[in-house]
Amino acid sequence: MTLTATDFTDYRPGGEDQAIAEQVAALRGRIADKRFSDTEDAAGQQYVDLVMEGGGVLGIALMGYVYVLEQVGLRFLSIAGTSAGAVTALMLAGLDVPARAKSERALPILAGMPIDSFVDGNQRVQRFVDGVVRGLGTWRLGFRLLRVRDVLLSRLGLNPGHAFERWVEQQLAAVDIRTLDDLLRRMNAEPEGLRVINPKAQSSKILADDPLCLIAADISTETRARLPEMARLYYADWRQVSPAKLARMSMAVPYFFEPVVVPLDRDKADKAAWIEEAAFSRQVIARSEAEGKPWLPERALFVDGGVLSNFPIDVFHDHSLAEPGRPTFGVKLQLDVRAADVTSIGDFSKQVFNSARHILDIETIRRNPEFAQLVTFIDTGTHNWLNFNLEDKAKLDLFYRGAVQGMRFLERFDWDAYKQARSRISAGQREMERVAAKAGVADAVQERRFRPAGE
């Protein structure tokens, strides 16, 4: 059957006396006077920024977390995500303006995502993917792999990804979002009476310049592409690009989907933009030009953003702010279990990939201990992120798991304690940036745009 939002919110797991909606209502009473942010609107709704991790079909758990936050009166001014987190972010961004709750509208859309139809390769490809999902033995799976080898070698991926991109386009078109211009205009609709109540964080501008961030990996330039912020590096008329194209970039799982190819106009490339936004080195560009060599490739190849950063918790974080006007809440799928027995070539390949995609985010959190107060881990149990035929019962369970962690997070989060931690850390951070600039090495560090009242 097709699950509705009510099916999720009225879900009552075995042994539970209260449905999810009833548990959230009780929570709302307990934390009615609690502060989570210094940014609020005329209706008293508090605003935060939101970052979501990728995780395939496990993404429905993200909606349980988001539902709980919305039900207690929290709203999102900036939203980010990678892969499945990017799709969720895009739906939340596009369905309505920031002041309105959207999780109950997004739930049936995301839960009804026709994932099996996204396998849009030929019949041999479909048989191979089915074998992977069902866990066929090594020999049978190896035989099927040989039959799709030519597709992989010629197209660098099994599935064109057209079906997925069309599906995203259709969902956004249904709410009158067809271009990035449409989407950003909706996200920049300022809530009535929006203000920052902390004078130390007060600013004339609260809305971020880049309220949406979908992470994709441009492997041709080794760039963690923050889209649409960096879309102008790749598209001349980037505001007319379909947001579905960015979702396709972020969801281009290596080998499963073909990479997204974007031709680069090397003659008209904006060097200053590549230096500032993609951390290209001025020295390397100058040397390439002196030698008559191109400093950009002919085309950019995008694969799943999780290859570089599956949980981009840092994208809205501005270290220069000792008194942020709002926090960035981050939600991760699965616990970070970092113990793997590598006993086969399959295990080896898997762990090489996992290590590469996790280490940047792990190091970011380790080096910024204040993030520990902002991040929620959802234990998704034994659910498989590649289970394209996820049953309704499993979807309800994932939603419930996300909702439970959302409730626990809201009860433990201490906004004042977080601000105190930020105040202690920011002074040291500013000194490091001053030393780096004086030493002439700041060119190798991405410059952060000042976000006055947020992170």
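The values are calculated or read from the model by the stated rules, or taken from the named source; none is laboratory data. If you're wondering where the values come from, they're calculated on a predicted model, not measured in any experiment. A quick note on method: Cβ atoms are made from the backbone with ideal geometry, for glycine too, and the neighbour counts reach across all protein chains shown. When the accessible area is computed, the model is the full protein with side chains, heavy atoms only, and any ligands, DNA or RNA have been set aside. Shrake-Rupley method; radii C 1.70, N 1.55, O 1.52, S 1.80 Å.
With the convex hull drawn around the C-alpha atoms of the stretch 249-293, the volume per residue stands at 113 Å³. Ordered by 1.4 Å accessible area with all protein chains kept, 154, 355 run largest first as 154, 355. In the chain, a dipole from Cβ-located charges (positive for Lys and Arg, negative for Asp and Glu) runs towards its positive end, and of 11, 97, 404 it is 404 whose Cα lies farthest in that direction.
On the stretch 1-44, 45 percent of the accessible area sits on carbon and sulfur atoms, based on a 1.4 Å probe. Using only alpha-carbon positions in the stretch 290-409, the gyration tensor eigenvalues give semi-axes of 30, 25, 15 Å once each is multiplied by 5 and square-rooted (largest first). Within straight-line reach of residue 293, meaning a Cα separation under 18 Å, sit the following lysines at least 8 residues removed in sequence or on another chain: 268, 271.
Would you please calculate the Kirkwood hydrodynamic radius of the stretch 1-114 over all C-alpha pairs and express it in Å, rounded to one decimal? Numbers along the way, then the final one.
On the way: mean 1/r = 0.0673 Å⁻¹.
After inverting the mean inverse Cα-Cα distance, the result is 14.9 Å.
First compute the accessible area of the stretch 273-319 with a 1.4 Å probe, then give the percent of it belonging to carbon and sulfur atoms. Answer for the stretch 273-319: carbon and sulfur cover 50 percent of the accessible area.
Were the residues from residue 25 through residue 364 laid out at 0.36 nm apart, the gain over their Cα-Cα distance would be 118.6 nm. Out of every Cα-Cα pair that the stretch 119-191 contains, those further apart than 17 angstrom amount to 59 percent. Would you compute the Debye intensity of the stretch 105-243 from its alpha-carbon atoms alone, equal scatterers and no solvent, and pass along log10 I(q)/I(0) at q = 0.10, 0.13 Å⁻¹ to two decimals? Each listed q corresponds, in turn, to -0.56, -0.83. Each Cα pair of the chain feeds into the Kirkwood radius, which the Stokes-Einstein equation turns, at 20 °C and 1.002 mPa s, into a diffusion coefficient of 93 µm²/s. Over all Cα atoms in the stretch 47-186, the spread is summed up by Rg and Dmax: 18.1, 54 Å.
Taking the solvent-accessible surface of protein heavy atoms with a 1.4 Å probe, what is the per residue accessible area of the chain in Å²? If you can, show how the numbers build up before the last one.
Values: 21170 Å² over 455 residues.
For the chain, the per-residue accessible area is 47 Å².
The fraction of accessible area contributed by carbon and sulfur in the stretch 110-192 is 50 percent, rounded to a whole number (1.4 Å probe; ligands and nucleic acids excluded). Legend: Rg and Dmax of the stretch 216-314, from Cα coordinates, 13.6, 40 Å.
Once the chain from residue 267 to residue 379 is taken as fully extended at 0.36 nm per residue, the excess over their C-alpha distance is 35.4 nm. Modelled this way, with points 7 Å down the Cα-to-C-beta line, the labels at residue 425 and residue 163 are 4.3 nm from one another. Over the chain, DSSP H runs of length four or greater, each weighted -39,500 (n - 2.57), average out per residue to a 222 nm ellipticity of -13000 deg cm²/dmol.
Placing dummy labels 7 Å off each Cα toward the beta-carbon, the span from residue 170 to residue 291 is 5.0 nm.
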